[in-house]
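> I am attaching a structure below and will ask some questions about it afterwards.
The values are calculated or read from the model by the stated rules, or taken from the named source; none is laboratory data. Keep in mind the model is a prediction, meaning the values are calculated, not measured. Neighbour counts are summed over all protein chains in view; Cβ atoms, including those assigned to glycine, are modelled from backbone coordinates with ideal geometry. The protein model used for the area step is the full one, side chains on, heavy atoms only, and it has no ligands, DNA or RNA in it. Shrake-Rupley method; radii C 1.70, N 1.55, O 1.52, S 1.80 Å.
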Amino acid sequence: TAQSVGFNNPWRPTSSDGFMCVPPIDNDGALAPAGSPGMYIAFNDDGSGGGTDQLWIYELTVDWTNPTASTFTRTQQIDVLPFSSFFDNNWNNIEQKGTSQRLDGIPQVIMNVPQYRNFGSYQTIVCCHTVNTNGVRLAGIRWYELRKTGSTWSLRQQGTYAPDIHSRWMGSIMLNGSNELALGYSISSTSMYPSIRYCGQSAAAYASANGIMDIAEDSIFMATNSQTGVNRWGDYSQMSVDPADDKTFWFTDQYGGNRKTRIASFKFNIPPTAVTDTADLITYYSANLNGSINPNGLPTSFFFRYGTSPFGMTDSTAVDTAGSGITPVNVTAPVSGLLAGTKYYFRIFASNIGGNASGSNLNFTTLEAPFLSVTPPSRNVPAW
């Protein structure tokens, strides 16, 4: 027999128009630890509901044997940077080109779909919502990454993406297995028809948790008209991570005035980073050349160039592989046939489909060759 459980949530946030949802968090990849409750997330805007600008986390536990024992509880309130989600007392928020009809920014809710991932030693949640960045009607996207290493969630990084005069809204954000974030959204203004774009955060920026989308914005589709006669828009967009490689992103969103949907896939091909390290195991005629490489999630090859002049390193080591990980790996290459007592310069080079990288020039000097000096013995010659 079908059953359902419902709650009159006493901890629900409020909004300027009374519309507010507490969406469930979607589990991507490895499952949450056994026995974990269902999770939901919302935000509190101090301008609408008082209190403090926060993220609110809820936990759902359902008891199908005794449904009345089920619980839905707000378990955490996490302070975030101040924001305003207020545009108007109606759903006419986002301006378009060539028409006075505005579109619904849906600024009252966490956007589809807040994402949960379990990486074993830690767990993450990424999510986003629309904010008013100038107090008038310039929409931007506030995004967050939460992390859990013990029993509670904490804010690891946050940012607001609003780089220019165009409104960005209807966002969706995801984290892939290469530690890259992708943020897709609608974009529109009085000088632009409602179109679709995306940007991202590289693994290096993610590692530093700097709150910056450092992968430049790109266009998925440029619309040629605007929507008139109705303000509802999208409901909603969605970014997804392809489970086949845990790297490729898929994004779907509405565009233009004909209520059409575009589906796009993309992945970030980031060049490797390469650092030349000090040579070791130096002898009269040989040495080990060392470096470190971050493949940034792509299959990466490397080699060293070396020679007796920093401007003419004419010799190279064999091409080798540094793997396709997302953290720096130490690499080395032995060289032989060198001249004794000679200064050599060397440098590491790395390459993947995202581009090329190289380290700085370093140098070492081989040992001086041993020199055998023979002194004949002296003797006393008797006088005759």
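> If you take the Cα atoms of the chain, find Rg, then find the Kirkwood Rh from the mean of 1/r over all pairs, what is Rg/Rh?
Ratio value, two decimals: 1.22.
> Rolling a 1.4 angstrom probe over the protein heavy atoms, how many square angstrom per residue are accessible across the stretch 1-152?
Accessible surface, normalised per residue, equals 46 Å².
> Next question. Would you please give the residues with an amide H less than 5 Å from that of residue 220, counting only those at least 5 places away or on a separate chain, with H modeled from the backbone geometry?
196, 197, 198
> Using the heavy atoms of the protein chains and a 1.4 angstrom probe, tell me the accessible area per residue for the stretch 243-384 in square angstrom.
Accessible area per residue, the stretch 243-384: 60 Å².
> Let me ask you something else. Return the whole-Å distance between the Cα centroid of the stretch 57-124 and the Cα centroid of the stretch 317-379.
55
> Please give the per residue volume of the convex hull enclosing the alpha carbon atoms of the stretch 1-94, rounded to a whole number of Å³.
It comes to 168 Å³ per residue, whole-number rounded.
> Here is a further query. Through the Karplus equation 6.51 cos²θ - 1.76 cosθ + 1.60, θ set to phi - 60°, convert the phi angles of the stretch 145-152 into ³J(HN,Hα) values in whole Hz; use x for Gly and Pro.
Here the 3J(HN,Hα) series is 10, 9, 9, 10, 10, x, 9, 10 Hz.
> Something else about it: Can you give me the P(r) profile for the stretch 170-321? Cα pairs, bins 10 angstrom wide beginning at 0, each as a whole percent.
Histogramming the stretch 170-321 at 10 Å steps yields 10, 29, 22, 17, 11, 8, 3, 1, 0 percent.
> Share of the chain's accessible area from carbon and sulfur, percent, 1.4 Å?
51
> State the dimensionless ratio Rg/Rh of the stretch 232-384 (Rg: radius of gyration of Cα atoms; Rh: Kirkwood radius). Could you put the intermediate results ahead of the total?
Values: Rg = 28.3 Å, Rh = 19.7 Å.
On the Cα set of the stretch 232-384, Rg over Rh gives 1.43.
> Near residue 154, within a Cβ-to-Cβ distance under 15 Å, what is the net charge of the other residues, with Lys and Arg +1 and Asp and Glu -1? Present the calculation step by step, with values, prior to reporting the outcome.
Working: positive: 147, 148, 156; negative: 79, 145.
Here the count lands on +1.
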